[in-house]
1. Which of A:Asp173, B:Asp169 has the fewest other C-beta atoms within 10 Å, and how do the rest follow up to the most?
2. Please report, for the Cα atoms of segment B:95-181, the Rg to one decimal and the Dmax as a whole number; what are they, in angstrom?
3. Enter the angle in degrees (range 0 to 90, nearest 10) between the Cα long axis of helix B:2-19 and the first principal axis of the Cα atoms of chain B, meaning the one along which they spread out most.
4. Using 0.36 nm times the number of residues separating A:Arg25 and A:Arg193, minus their current alpha carbon distance, what extension gain do you get?
5. Indicate, rounded to the nearest 5 percent, the antiparallel portion of the DSSP beta bridges found entirely in the protein assembly as shown.
6. If I take R0 = 22 Å and measure r between the Cβ atoms of B:Glu146 and A:Ala139 in this structure, what FRET efficiency does the formula 1/(1 + (r/R0)^6) give, to the nearest 0.05?
7. Quick check on the exposure proxy: order A:Arg112, A:Arg193, B:Arg3 from fewest to most C-beta atoms within 10 angstrom.
8. Near the amide H of B:Glu29, under 5 Å away, which other amide H atoms are found, from residues 5 or more places off or on another chain, if H is placed in the peptide plane?
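Just so it is clear, none of the values below were taken in a lab; they were calculated from the coordinates. What you see is a predicted model; the values in this text were computed from it and never measured. Quick reminder, even Gly has a Cβ in these numbers, built from the backbone with ideal geometry, and neighbours come from all protein chains shown.
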Amino acid sequence: LPPAPIGELEVRRVAYARKTDVGFRTDLEMLARRAELTRFNPPDEWHSPVAAMNPDREQAAYLTADENLLELSFTVHYALADPVAFFYRVDHTHDFVELYAEAAARRLLAGRVAEELMTLERAAIEDGVQRALQERLDALGAGIAVTAVRIVDIHPPGESVFDFRDVSSAREDRETTVHQAHRRRAAEVPRARGEAALIVGRAEAAAGARVAEAAGRSEGFSARAAAVAPDRALLEHLLWLESAERSLAGRDKVIVPPGSGGGEVSLWRRRE
Amino acid sequence: MKRWLLVTVAALALLALARSAAFTIREGEVGIVTRFGRPLAEPAGPGLHGKLPWPVDAVVRLDRRLLVFDNEPVELLTRDKKNVLVDSFLCWRIEEPLRFARTVKTRLEAEARLLDLAAAELGAAVGGEPMESFVNPDPEKVRIREVARRARDEVDRTARESFGIAVVDLEINGFNLPLQNRKSVIDRMRAERARIATAYRSEGEEEALKIEALSATESEAILAEARSRAEAIRGAGEAEALSILADAYRRDPEFYRFLRSLESYEVILDDKTTIFLESDSELLEVLHGR
């Protein structure tokens, strides 16, 4: 190298893996305390170290296709593909990687629905941003090779976290209600079967009792008839008297002269 | 001694003069030689160059790199009169150093002009498109890039003609609703979530009721079947009992009627009954001593 002022040596870090935060800042002091910060996250806020480190989320708010808001934080990892271009072709007063990455993410999120963005399309966002960003940086000749785009955090705005979580709860509640109904059914049907057995059993018992009673009565009658047969008139009179005793004992009785007993009304007359 | 001093001073002055007749332009810069303040023809690229010594010629160095200018968000109206907060940035380069040096001179001055231009063109471009060109469930219909490109083309044309500036990019890196609208958006999001949650819970109830209905149907069917069987069993028992009794009574109907009548009287004559007995009734015969 010829001596100064003809030749001059500039030493720059080239192999260093560079990273740009988009939508949040990594505060190293807070990063060290992230466990503590996250633990004391208010329960109705999104649970993540990034959210805890960046209380002002306005810059991370994105409007989605269904005009919902999402808070997106991601990082762009890149390496220098062409150091000369990187240092001498582009001014680095502003972090243009961040700006271009943010622009790419805006366009992507503007064409997708919030619900899907948070779940199925995370990888699609990462790939999409990386591709769009690389294309733009190549067109500028910025000498940058984007190695990865990583979503650190994507979530609904703080004020709506409760309602988003409640949807998960509701899904659980639905299952719980269905399980409870199944449980009641599992109890009710066997109980009905038991009750049915009881009803049938009672009927069988009653029928059996009725038959047995009839058999007993029939036997009793036959026995009495047989006993009365030899001297029927006498024994029938006896039975009649016994019955009269049972019927009349303890009742009020009025004994009246013959013929005054209510004319034709004849009471307790031995049948002719 | 005096002469020595004179020679030294003259030599130093000559050296300073020679030094000011050469200048180097670094990579990423462009040099413009001005003679008494007026820029000369060809700008100088990186390397060693010569000029007339000071105070005749001076060198103005300009940045030839891509420069990034980050705008602050501005509130604009879409064609369908929706307020939106649009954040943008410009990526620009000095294309014609001479024109640049004559018109705006410094980066700060240039960016002030670009800010005005970009604000006007972006406002026009955004105002020419409805909201659905900025957010749309069909990604093909999101026209943010086209809108920005249209504004860029306009800014670029003017900036080239007026200031020798090429605007490489004008990008929209922020597209949001004003803070005042944020609350209503969030309220709508919350209402939507509440609707989904309610739907889930109601689905659960619906399912549960269906299960309960099924359960009730099953149970009732089982019980009805049992009741029906029970009636049949009771009937059959009754029939059997009657036939047994009939068999017995048929053998001596006379005696049966007699016994059954006695039983009936015993039931009919309860303790509330007052009985009139004629003194010559059969019951009292014996009392009469007949």
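1. Values: A:Asp173 17, B:Asp169 22.
Placing the least packed residue first, the sequence is A:Asp173, B:Asp169.
2. Rg then Dmax for segment B:95-181, in Å: 15.2, 48.
3. It works out to around 50 degrees.
4. Full extension of this stretch gives 53.7 nm more.
5. Of those bridges, close to 90 percent are antiparallel.
6. Taking R0 as 22 Å, the efficiency between B:Glu146 and A:Ala139 is 0.85.
7. Working: A:Arg112 24, A:Arg193 15, B:Arg3 7.
So the ranking, lowest neighbour count to highest, is B:Arg3, A:Arg193, A:Arg112.
8. B:Arg64
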